[in-house]
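This report refers to the structure that appears directly beneath it.
The values are calculated or read from the model by the stated rules, or taken from the named source; none is laboratory data. All figures in this text were calculated on a predicted structure; none of them were measured in a lab. Backbone-built Cβ (ideal geometry, glycine too); neighbour counts: all protein chains shown. SASA here: full protein model, heavy atoms, side chains in, ligands and nucleic acids out. Shrake-Rupley method; radii C 1.70, N 1.55, O 1.52, S 1.80 Å.
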Amino acid sequence: MIALLDLQVLARENAGRTFRADDPTYSVLNCLRFWEILISRMEDGWSRQDYYMVYGYLNDLDVRGAVEAFLDAMPSSLRAKVGRCVERLDARFRAVTREDGGAELSQYWRPLAEGNEVRWWWTRCPTELPPGW
């Protein structure tokens with residue numbers, strides 16, 4: 001099932017390109033990996049980051065949305081297994097962020113400012129903002 005989801009992503013990513021990638025950038029595994037990398041950076045206090053633009057953070061939150069879409073498309077047995085991994089990552093994310101109702105990010109993300117973005121990860125702000133924010 002994961003392979004099928006990845007093939008669907010690859011077809012969307014290759015649409016309109018003059019070249020054809022063999023593997024999707026935003027595959028199921030890569031999206032989980034990108035989400036974990038963001039969380040690790042935050043847990044480390046952004047220590048290895050000289051500069052981390054808010055738009056990179058917004059992209060990472062968008063990747064979390066892709067993870068949710070993948071979970072929704074999985075059969076229940078697979079969703080349960082992958083979901084446990086996502087729950088652990090989400091708990092780590094909550095530990096390094098604070099709920100602010102989207103106040104910080106609404107300056108940069110119009111759907112949030114307009115009240116159209118309500119998913120919980122968009123309404124949380126890093127406890128420590130990265131350099132260059």
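In segment 34-45, the qualifying residues are those that are open to solvent by 10 Å² or more (accessible area, probe 1.4 Å) and touching a residue at least 24 places away in the same chain (Cβ under 8 Å), and the one that is farthest from LEU5 (Cα to Cα) is GLY45.
No other residue among TYR57, TYR26, TYR52 is in contact (Cβ under 8 Å) with a residue 12 or more places away in the chain, buried (at least 17 other Cβ atoms within 10 Å of the Cβ), outside any helix (DSSP H, G or I) and within 13 Å of the chain's Cα centre (by Cα) apart from TYR26. Give segment 99-117 a look and list any residue that's over 18 Å from ASN59 (Cα atoms) and surrounded by 11 or more Cβ atoms within 10 Å (Cβ to Cβ), or say none. Answer for segment 99-117, where residues must be over 18 Å from ASN59 (Cα atoms) and surrounded by 11 or more Cβ atoms within 10 Å (Cβ to Cβ): GLU99, ASP100, GLY101.
All conditions in (1) closer than 16 Å to ILE39 by Cβ; (2) at pLDDT 95 or above; (3) touching a helix residue (DSSP H, G or I) at 6+ places or on another chain (Cβ under 8 Å) hold for ARG94, with the sole exception of (3).
Filtered by the rule that a residue be free of Cβ contacts under 8 Å to residues at least 12 places away in the same chain, open to solvent by less than 60 Å² (accessible area, probe 1.4 Å) and either in contact with a Ser or Thr (Cβ under 7 Å, 6 or more places away or on another chain) or polar (S, T, N, Q) (or both), segment 1-23 gives a lone residue, ASN14.
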